[in-house]
Amino acid sequence: MTTVTTVTVRVPAKVNLQLAVGPLRDDGFHDLANVFHAVSLFDEVVAEPADDLTLRVEGDSIDGVPTGEDNLAVRAARLLAERLGVPARAALTIRKSIPVAGGMAGGSADAAAALVACARLWGAETDLHPLAARLGSDVPFALLGGTAVGTGRGEVLTPVTVSGRFHWVFALADGGLSTPAVYAECDRLRELRGERPGPPQASPGLLAALAAGDAEALGAELANDLEPAALSLRPSLRDTLEAGRALGALGALVSGSGPTCAFLADSADRAESLAAALTEAGVARSVVTAHGPVPGATVL
Ligand code: C5P
């Protein structure tokens with residue numbers, strides 16, 4: 001029998017290509033049609049043998065990441081241990097590159113990676129999806145990766161066919177936005193405007209653009225129902241989006257609940273030049289490029 005000593009799991013960030021938000025449900029969540037797309041910005045979660053459960057967080061911009069029991073990766077390890085009936089023993093290290101509270105599901109990604117890493121460390125074969133769904137609406141997608149439509153509160157996943165690779169630029173903002181606050185602002189704005197959302201549905205045009213690998217068509221289809229709420233809470237994002245559009249992005253939107261803004265380019269080279277121009281324009285804390293789709297949480 002081999003003893004597993006160290007497990008390293010790489011897990012991607014996501015951008016929502018479409019986020020259609022239905023009415024507020026009785027359980028406090030919203031029904032969604034959420035087109036998730038995993039992109040090549042990665043966190044790593046390392047799990048090593050230990051006598052109890054510990055967490056270290058490493059990275060250049062880790063302000064605001066919880067380092068105790070409220071970190072979603074710690075909760076993931078505890079939930080898995082409870083499910084398996086084993087003691088939760090692991091030294092976890094999160095190496096963070098995904099923006100914190102940025103609307104790119106970094107915390108959810110770490111939780112998914114912790115599930116995969118601890119399952120491997122503890123030699124467990126178990127379906128992680130139900131545990132992921134209990135931890136958060138975006139956690140199951142971080143296990144799956146690729147491109148997928150999430151329905152329900154985002155946890156019921158249907159993979160989507162994509163041709164080729166899409167090239168992205170992400171403008172990271174100073175400070176995060178709270179996801180519950182952005183959903184609440186979305187409800188408030190809708191109430192104010194007398195809007196009554198119908199059942200959310202994935203856009204056939206968007207799915208066709210993905211299947212065809214047509215970046216121009218995809219750019220025109222990008223849509224996020226949370227964007228007005230994110231802009232209301234962080235009006236400066238308007239300038240960021242506008243700058244990207246003026247600089248020739250095929251499409252621009254707030255990623256999830258924000259404040260990260262995502263821009264689609266038609267090649268890796270165009271993405272690099274758009275990133276340089278956005279940096280020059282001074283409309284973001286920092287600017288990074290990435291491509292998608294990429295696989296979900298993977299043991300290295
Ligand atoms: O599932 P998760 O913990 O990521 O959700 C964080 C918060 O985002 C929820 O407490 C809720 O306020 C909001 N949310 C929602 N509808 C969803 C997903 C999240 O209202 N489908």
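The values are calculated or read from the model by the stated rules, or taken from the named source; none is laboratory data. Just so we're clear, the structure is a prediction, and the values are computed from it rather than from any experiment. Cβ coordinates were reconstructed from backbone atoms using ideal geometry, including for glycine residues, and neighbour counts include every protein chain displayed. Note: accessible area is taken over every heavy atom of the protein model, side chains too, but ligands, DNA and RNA are not part of it. Shrake-Rupley method; radii C 1.70, N 1.55, O 1.52, S 1.80 Å.
Structure summary
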{"read-out": "Region 27-55, residues that are among the charged types (D, E, K, R), over 17 Å from Arg10 (Cβ atoms) and either surrounded by 14 or more Cβ atoms within 10 Å (Cβ to Cβ) or more than 16 Å from the ligand (Cβ to nearest atom) (or both)", "value": "Asp31, Asp51, Asp52"}
{"read-out": "Pairs with Cβ under 8 Å, 6+ apart, first in region 62-79 and hydroxyl-bearing (Ser, Thr, Tyr), second surrounded by 13 or more Cβ atoms within 10 Å (Cβ to Cβ)", "value": "Thr67/Leu55; Thr67/Val57"}
{"read-out": "The lone exception for Ala109 - which of (1) over 26 Å from Val4 (Cα atoms); (2) open to solvent by less than 20 Å² (accessible area, probe 1.4 Å); (3) within 16 Å of the ligand (Cβ to nearest atom) it fails", "value": "(1)"}
{"read-out": "Looking only at region 157-171, and only at residues there that are among the β-branched types (Val, Ile, Thr) and open to solvent by 10 Å² or more (accessible area, probe 1.4 Å), the one that is nearest to the ligand (Cβ to nearest atom)", "value": "Thr158"}
{"read-out": "Candidates Gly154, Gly123, Gly102 - the one that is small (Gly, Ala, Ser), outside any helix (DSSP H, G or I), away from the ligand (no atom under 11 Å from the Cβ) and open to solvent by less than 40 Å² (accessible area, probe 1.4 Å)", "value": "Gly102"}
{"read-out": "Of all residues in region 159-189 being in contact with a Gly (Cβ under 8 Å, 6 or more places away or on another chain) and polar (S, T, N, Q), the one that is nearest to Gly136 (Cα to Cα)", "value": "Thr179"}
{"read-out": "Residue check, Gly68 surrounded by fewer than 23 Cβ atoms within 10 Å (Cβ to Cβ) and either of a type outside the set (A, V, I, L, M) or in a helix (DSSP H, G or I) (or both)", "value": "yes"}
{"read-out": "Qualifying residue in region 205-216 (condition: on the phi > 0 side of the Ramachandran plot and under 19 Å from the mean Cα position of the chain (by Cα))", "value": "no"}
{"read-out": "Residue check for Pro140: open to solvent by less than 20 Å² (accessible area, probe 1.4 Å), within 16 Å of the ligand (Cβ to nearest atom) and either without any contact (Cβ under 8 Å) to a residue 12 or more places away in the chain or in a helix (DSSP H, G or I) (or both)", "value": "yes"}
{"read-out": "Members of region 1-48 found to be without any contact (Cβ under 8 Å) to a residue 24 or more places away in the chain and hydrophobic (A, V, I, L, M, F, W, C), listed by number", "value": "Met1"}
{"read-out": "Region 172-196, residues that are among the basic types (Lys, Arg) and either assigned to a strand (DSSP E or B) or open to solvent by less than 40 Å² (accessible area, probe 1.4 Å) (or both)", "value": "Arg190"}
